[in-house]
Amino acid sequence: MDLSTYQSRARETARYPGVGSNPIYPTLGLCGEAGEVADKVKKVIRDRGGAFSPEVIDALQLELGDVLWYVAQLASELGLELEAVAQANLDKLASRAARNVIAGSGDHR
């Protein structure tokens, strides 16, 4: 499935206050879901010696799907297409790699 199709189909399931004019809700949801991903990975380190079992990977896949859903909603709220967001990110990374500044910090390096 391409990102445009995903974004469109995910948008059909959006049910929150102010859909179409509320970037705050998906932003907060994104933070929560990303936290759930981080928590599951943390517990792999703490409880499983860093070994990702198939069950943990399945659980992470579900959480990553939730992250993707909120990213798609936030992009839609801002009038952005996921395809364009993804392409801009790849272009940025390619530019950094070409200039040998892929490591480091700061958005504008």
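None of the figures in this text is laboratory data; all of them are computed from the coordinates on show. Bear in mind the structure is a predicted one, so any value in this text is a computation, not a measurement. Note that each Cβ is placed from the backbone with ideal geometry, even for glycine, and that neighbours are counted across all protein chains shown.
Averaging over every viewing direction, what projected area does the convex hull of the Cα atoms of the chain cover, in nm²? Result: 9.0 nm². Sorting the segments 23-35, 65-77 by their residues' average number of neighbouring beta-carbon atoms within 10 angstrom, most packed first, yields 65-77, 23-35. Working note: 222 nm ellipticity from helices only, DSSP H runs with n ≥ 4, each -39,500 (n - 2.57), summed and divided by the residues of the chain, gives -23500 deg cm²/dmol to the nearest 500.
Scanning the chain for DSSP H helices at least 30 Å long along the axis (C-alpha atoms) with a Kyte-Doolittle mean no lower than -0.5 picks out 24-48, 54-77. Charged side chains reduced to their Cβ positions (Lys and Arg at +1, Asp and Glu at -1) give the chain a dipole of some 420 debye around its Cα centre.
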